[in-house]
1. Restricting the search to segment 259-275, which residues are out of contact with any helix residue (DSSP H, G or I) (no Cβ under 6 Å at 6 or more places or on another chain) and within 29 Å of ILE186 (Cβ to Cβ)?
2. If you scan segment 607-636, which residues turn out to be part of a strand (DSSP E or B), in contact with a helix residue (DSSP H, G or I) (Cβ under 7 Å, 6 or more places away or on another chain) and within 30 Å of TYR371 (Cβ to Cβ)?
3. Given the criteria free of Cβ contacts under 8 Å to residues at least 12 places away in the same chain and farther than 15 Å from ARG441 by Cα, does GLU172 qualify?
4. Among the residues that make up segment 245-265, is at least one of them at pLDDT 95 or above and within 21 Å of GLN152 (Cα to Cα)?
5. What number of residues within segment 704-727 are assigned to a loop (DSSP other than H, G, I, E, B), touching a residue at least 12 places away in the same chain (Cβ under 8 Å) and over 21 Å from TRP72 (Cβ atoms)?
6. Assess whether ALA215 counts as being modelled with pLDDT of 95 or more, part of a helix (DSSP H, G or I), in contact with a helix residue (DSSP H, G or I) (Cβ under 6 Å, 6 or more places away or on another chain) and among the aliphatic types (A, V, I, L, M).
7. Right, THR672: surrounded by fewer than 20 Cβ atoms within 10 Å (Cβ to Cβ), in contact with a Ser or Thr (Cβ under 7 Å, 6 or more places away or on another chain) and either within 30 Å of ARG514 (Cβ to Cβ) or among the polar types (S, T, N, Q) (or both) or not?
8. Quick one: would you say LEU646 is assigned to a loop (DSSP other than H, G, I, E, B) and within 23 Å of the chain's Cα centre (by Cα)?
Amino acid sequence: MRVLSARSPIALAAAAALGTTAMSTAPTTASAAKTSGTYVAGDFHNHTTCSDGSISMQKLVKKSTDKTDTPWGLDWFVQAGHGGSGNRNCTLAEDASLATPAYSLVFSGSGALQGPTTTWQNTNPPVQPKGLVSGTAPNQNMWRWQSIQEFQYPLLEYLARLRDKPMFVGVESVVAGHEHSSMSVITGQMPLSIDSGNLPTSKGYTALGNATALAQWEYCFDRNDTDTSRGNTAVGSGVGNNWTCAVPGSLNSGDPSWNTTAQKLIPAGGTGTGERGHQKTVEGIRWMAQNHPNASYYVPAHLERAGPFNPNGNNGFNIEHLRNFNNAGPAIAFGFETQPGHGASSDRGEYAVNRNSINGVPVDSVGGTTYGGTGVYGAQIGGVWDALLGEGRNWWFFASSDWHNRGSFGPDDRRTTQDFYPGEYQRTYVMARNGGDPKLRPQTIVDGLRTGNAFAASGQLIDRLGFVACASYPGPAARTNAAVEAIAVAAATRNTDTDVAGCAAMGEKLVVRRGAEIVVSIVVRDPSGTNYAPYTFNNPSLAQVGIQQPLNTPVLDHVDVIRGMVSGYKQPGSADYAGQWPNTWRVNPDLNTVPAAAKNLTAGILRTFNSATWTSVANNPEYKVMTFRVPAVSASQYLRLRGSNLPPSVPWETDANGNPMLDLYTNASDPTQLKIPCSVAGTNVPANGTTYTGTAINGCPNHLQTVNGQKYLSYDVAAWADLWFYSNPIYVEVAGSTIVAGVK
């Protein structure tokens, strides 16, 4: 089923139809000097055996940051497993290749190696969980607050020093009233003092910093943390953290959900669970805003996966919940992870038809599935993301790996039927303004995420982006296309952004007088050579339309410029503030069925560039250059980008306008829906039972879903075949029109 075309007359004529609101401030084209920085690639959502992952902290850090054994090594990394509890000791290494002087291998009394699936209490020597302990010894669970505070943070600080990499600890919170969210509080983590001093040469490491603030948030606000000890050795002991989760200005002990012993909200189950849980989650954002306003972030993860919001359970997110989060902490809840991990799963992103039951009724993930690997909230032009941007909110697009395991393969195999490692397939590129500091810091990364000066790409489709919008007026203030193009070329080739008066980059707004021309220049690098796919045979999706292109050497086909108009914030309680994405979307993808609160019909494709309309940087054909003008602007608006390796009208992948189609046709979970055959035999197709660590599989692998003897595009091959990038927007605020209130 194709998604609704975005090239509608309504979308393209929106500028003339919108009303305006008064603006009290005078427009300016000046820009404050920016601290210099570069775009750096990272991942903030992944798992070890401290939650439900399959490998140790040491192995995940190596796989994610190493640039030799695993060449996709990231520039920055956040280790963020689920909140709640777990019984496995993720600080124990798998083998001698991961051992270090401070964290050597651990053996049992009988001499057996104790790896990361060993329980805390079976570790030599035993580790005793604190608080209100659950389970039966020697397999009792440790609360995540304790594992973060006492074990994970010290190890990650040590590895950050050892590898000289910017890393910190986060959490994939199990969200009260909803499903999951990627978050962190970085206060105390990776202090400047770790730059100096000698690393230990024998077993043991004493951390110089701490993750106590993050541990407290997890205790206070994670739905899975039902401990009532206040972060102490035992309930009522008074020995330990003695935390209270009170938020100044809130009801706290006056709230019916308040538990006096625990000093936190513990909402009751049953009717109203979701509503009570949502209020607790909003309190968690308020706590961050009041206690750690510049040192925290809260980004809902794979937010379409669990279906729509359930007022009587813990399921998904509707648009009103995202608005509530952003209202409570605009510098903390500033985006969503709508390009989920689990990209090689039998249901891409683990989004599925009838994934959950709400009130006894089977319910799809919102949208039914992903669309080119992105959830419908981010993928559908004119949908939820555009509705939020149409208010002028700071609400940004992010991607993650959600690493857990390789499915039917071992962790060292290059094939996967479940997850990609952080950086291997998806990555978020963020502008990190470290100025004269030679090192990236956690604060630098969090600040970069907050600004929205970031883009996400899958399969190494692009790895550089210069995206600039500049104002031009008649006379001395006129700008030529060539002048703005030079700014964008410099930004892309230097891997930075612009600091030119009267120009703006992603996550910024350009304030102009009515009637200004906006000169927009886009420069992307489509890197030559191979990406990190282990497959060298031709892309089966492109083969359908006669394009012979190996999976490991993708080529950017086109870039879409998407524009929407800004009409201002919607107010809580108004008729257009709340609304659920329709459960019928999978079979009837029609924006007419979407409530007004969750759509922006002014959004549409403004321009499309491809090899026929872009140019290349002289002597460097990897860089594609696209420049155009938006004439005589009269209303506030935004521009954002997306691009793909797939042209329009690729059967079962893209519609006639280049929009991604739903991924049901490459999901192995329902073989009856599979449409794209994979028929290349190849001479190097390793057996499933072996461990393959190379990069030269030249035929359709044996793990693909097979129907009547025919292999079909599915699992990791389907992901490598279908690549996309998304940029965050540039806002244009026009004098006398709507103020873009959420963005500086």
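1. Result: ASN259, ALA262, GLN263, ILE266.
2. Answer for segment 607-636, where residues must be part of a strand (DSSP E or B), in contact with a helix residue (DSSP H, G or I) (Cβ under 7 Å, 6 or more places away or on another chain) and within 30 Å of TYR371 (Cβ to Cβ): TYR623, VAL625, THR627.
3. Answer is no for this residue.
4. no
5. Qualifying residue count, segment 704-727: 4.
6. Taking the combined requirement at face value, the residue satisfies it.
7. No; evaluated as a whole, the condition is false for this residue.
8. yes
The values are calculated or read from the model by the stated rules, or taken from the named source; none is laboratory data. In this text, all values refer to a predicted model and were calculated from it rather than measured experimentally. Positions of Cβ are backbone-derived with ideal geometry, glycine not excepted, and every protein chain shown enters the neighbour counts.
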